[in-house]
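*Asks:* Could you have a look at this structure, given as structure tokens, before my questions?
The values are calculated or read from the model by the stated rules, or taken from the named source; none is laboratory data. Since the structure is predicted, the reported quantities are computational estimates derived from the model, not experimental observations. Neighbour counts run over all protein chains shown; Cβ positions are idealised from the backbone, glycine included. For accessibility, only protein heavy atoms count, side chains too; no ligands or nucleic acids. Shrake-Rupley method; radii C 1.70, N 1.55, O 1.52, S 1.80 Å.
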Amino acid sequence: MSDKQALTSVKIHDIIAGRWSPRALDSEAEVSDEQLRALLEAARWAPSFGNTQPARYLVGLRGDDTYKRILDSLTESNRLWAHRAGALLLGCAVTRNEKGDVPYAEYGLGLASENLVLQAVAEGLAARQMAGFDRAAARQAFDLPDGVEPLVAIAVGVRARPEVLGEQADIERENAARMRVPLEEFALRDWGNPAF
């Protein structure tokens, strides 16, 4: 299996350099309760605007009802590979609380989810975030209250060989090099004027 370390202009932390979003997951490997708790603790301690802490996660382990409901809400193309994950999570943002609208709730969920994903790498796991799911179906499946928005599904598991994906195009996609815009387009002093 390819490591797919990020190619960077300077050294960055190995956990960040090693984070990527595989689809090839081992259908036999389990995510332990301790690993799952570590992922969720990492997410819980993410920064949030005004300490509003808007992130919430519905957590399913392979074989349980929560897992099935999350899997059922995924698009067909995501179900084709995500059923092998040891855990499926549904990330939700609490957009309203007793004080009113929660500012930057989506951003808060994003920060928490990145902490969760980086902790997965630290645990020797892989995590892939997905927007490809039916939000209305997820809302109904979990009877989510008003002011709670399901925004991301996350598959967590142990990487497997790309061949488990079956289709040659999927295998090639899994093996493809990781790409990012160059730093000179990403970091700017003025628009069009690179910072580096």
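*Asks:* Enumerate the strands (runs of 3 or more DSSP E) found wholly within the range 70-176, keeping only those where 2 or more residues are among the β-branched types (V, I, T) and at pLDDT 95 or above.
*Replies:* Counting at least 2 such residues, we get 148-157.
*Asks:* Is there any pair with a first residue in the range 56-68 that is without any contact (Cβ under 8 Å) to a residue 60 or more places away in the chain and a second that is in a loop (DSSP other than H, G, I, E, B) whose Cβ atoms are under 6 Å apart and which are 6 or more apart or on different chains, and what are they?
*Replies:* Correct list of pairs: R62/G86.
*Asks:* Moving to a separate point now. Please enumerate the residues belonging to the range 69-123 that are among the basic types (K, R), in contact (Cβ under 8 Å) with a residue 40 or more places away in the chain and closer than 19 Å to P22 by Cβ.
*Replies:* Correct list: R84 only.
*Asks:* Ok, one more. Residue under question is A29, and the condition is that it be more than 21 Å from L144 (Cβ to Cβ), open to solvent by less than 30 Å² (accessible area, probe 1.4 Å) and touching a residue at least 60 places away in the same chain (Cβ under 8 Å); does it hold?
*Replies:* The answer is yes for A29.
*Asks:* Go through the residues of the range 33-56 one by one and say whether even a single one is surrounded by fewer than 16 Cβ atoms within 10 Å (Cβ to Cβ), polar (S, T, N, Q), closer than 23 Å to A85 by Cα and at pLDDT 95 or above.
*Replies:* no
*Asks:* Quick test of your reading of the structure: T95 fulfils all but one of (1) open to solvent by 10 Å² or more (accessible area, probe 1.4 Å); (2) out of contact with any Gly (no Cβ under 9 Å at 6 or more places or on another chain). Name the failing condition by number.
*Replies:* Among (1) open to solvent by 10 Å² or more (accessible area, probe 1.4 Å); (2) out of contact with any Gly (no Cβ under 9 Å at 6 or more places or on another chain), the lone unmet condition for T95 is (2).
*Asks:* Looking at the range 135-158, I want the residues that are under 22 Å from R62 (Cα atoms) and have a partner that is basic (K, R) and open to solvent by less than 30 Å² (accessible area, probe 1.4 Å) with Cβ atoms under 7 Å, at least 6 apart or on another chain. Which pairs are those?
*Replies:* From the range 135-158, the pairs are G157/R84.
*Asks:* So which residues in the range 1-54 are of a type in the set (K, R), farther than 14 Å from A122 by Cβ and outside any loop (DSSP other than H, G, I, E, B)? Talk me through it step by step, then tell me what you get.
*Replies:* Within the range 1-54, the subset of a type in the set (K, R) is 4, 11, 19, 23, 37, 44.
Those left that are additionally farther than 14 Å from A122 by Cβ: 4, 11, 23, 44.
Hit for the range 1-54 is R44, nothing else.
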